[in-house]
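Visitor: One structure coming up, written as structure tokens, with questions to follow.
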Amino acid sequence: MITLKILSGSSRPGRFNDQPVAFVAEVAKILPNVAVEVVDLATLNLPFLDEATPPMMHGYTHEHTKAWSAAVAAADAFIMVTPEYNHSYSPVLKNAIDYLFTEWNYKPVGFVSYGSLAGGARAVEHLRGVAGELKMYDIREQVLLPNYWEHLSTEGRYQFSDRHHESVTELVQELIFWGEMMKEARAKRIM
Ligand SMILES: Cc1cc2nc3c(=O)[nH]c(=O)nc-3n(C[C@H](O)[C@H](O)[C@H](O)COP(=O)(O)O)c2cc1C
């Protein structure tokens, strides 16, 4: 059994982010061997990184950092649901990531993105580089929603297809497999 945390990568009022986050959570919750939790970075409301020492040193002084550290440490795998802002990922996600280091280490991460024609692909390419620095394993399977606004109902609901359902399932299955493997590996390793 692994704990999967889905991080919402937008803090904008009226964000589209809520829709893919809810869909991914709904699909993931059907699968066995995974406890799913959504972490809304807008509600978490971390200030811009305000710790004096780099996160590798664990010299956390603020309650918000300690709480965020505990939340990430308790997870075995992550899905980052990100928009694409100016060909990269969102500042709220970057800030939340940079607060910590070892808490991310040796854990798998998958990506769901959206935007215009590229569907957020450029944002995810940047996140993959960050994942390497954090000693995370970035999963190849990826879900992209290009030009998402062309697939909204008159009520503004994105029309997710069976193919999206399959893609999210494949992504989560990879995360469960590697989440379990890496959990075992972390238990053997003194970090
Ligand atoms: C600051 C900003 C920059 C953007 N840059 C891009 C971009 O580079 N590529 C893209 O596909 N969409 C871009 N967009 C459009 C977003 O994909 C679209 O606004 C999306 O709804 C943002 O996600 P959110 O609603 O969850 O915040 C940008 C939007 C904003 C607000």
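Where a number appears in this text, it was derived from the coordinates with a stated rule and is not lab data. In this text, all values refer to a predicted model and were calculated from it rather than measured experimentally. A quick note on method: Cβ atoms are made from the backbone with ideal geometry, for glycine too, and the neighbour counts reach across all protein chains shown.
Visitor: Tell me, what is the Rg over Rh of region 94-167, with Rh the Kirkwood radius over Cα pairs? Don't skip to the answer; put the middle values down first.
Guide: Working: Rg = 14.7 Å, Rh = 13.8 Å.
Here the Rg-to-Rh quotient is 1.06.
Visitor: A further question follows. How long is the gain from ASP98 to ALA187 if the chain were fully straight, where each residue apart is worth 0.36 nm and the alpha carbon distance is subtracted?
Guide: Values: separation 89, 0.36 × 89 = 32.04 nm, distance 2.41 nm.
My answer for the length gained is 29.6 nm.
Visitor: Would you list, by chain and number, the lysines whose Cα falls below 18 Å from the Cα of LYS29, excluding same-chain residues fewer than 8 positions away?
Guide: Leaving aside lysines fewer than 8 places away in the same chain, those within reach of LYS29 are LYS5.
Visitor: Grab the beta carbon distance between ALA52 and THR3, set R0 = 30 Å, and tell me the FRET efficiency rounded to 0.05. Each step should come with its number before you reach the end.
Guide: Working: r = 30 Å, r/R0 = 1.00.
Approximately 0.50, to the nearest 0.05.
Visitor: Over the chain, what relative contact order in percent results from Cα pairs under 8 Å that are six or more residues apart?
Guide: Numbers: 328 pairs, mean separation 44.5, N = 191.
With pairs under 8 Å counted, the relative contact order is 23 percent.
Visitor: Take the alpha-carbon centre of region 66-93, take the same for region 107-161, and report the distance between them in whole Å.
Guide: Cα centroid of region 66-93 versus Cα centroid of region 107-161: 13 Å apart.
Visitor: Okay, moving on. Counting other C-beta atoms within 10 Å, which of SER11, SER116 has the fewest, and how do the rest follow? Mind showing how you got there, number by number?
Guide: Working: SER11 20, SER116 12.
With the sparsest Cβ surroundings first, the list reads SER116, SER11.
Visitor: Would you mind putting 46-56, 32-42, 102-112, 86-96 in packing order, based on average other-beta-carbon counts within 10 Å, highest first? Working shown, then result.
Guide: Numbers: 46-56: 12.4, 32-42: 15.6, 102-112: 21.8, 86-96: 18.4.
Those peptides, ordered most packed to least, come out 102-112, 86-96, 32-42, 46-56.
Visitor: What 222 nm value per residue comes from the helices of the chain, counting each DSSP H run with n ≥ 4 as -39,500 (n - 2.57) and dividing by all residues, nearest 500 deg cm²/dmol?
Guide: Values: 6 runs with 76 residues, N = 191.
Estimated from H runs of four or more residues: -12500 deg cm²/dmol.
Visitor: At a temperature of 25 °C and a viscosity of 0.890 mPa s, determine how fast region 30-146 diffuses translationally according to Stokes-Einstein, using the Kirkwood radius over alpha-carbon pairs as Rh; express D in µm²/s, rounded to the nearest whole number. Please report the intermediate quantities before stating the final value.
Guide: Values: Rh = 14.9 Å.
The Stokes-Einstein estimate is 164 µm²/s.
Visitor: Modelling each spin label as a point 7 Å along the Cα-to-Cβ direction, I'd like the PHE177/ALA121 distance in nm, to one decimal.
Guide: It works out to 2.4 nm between the two label points.
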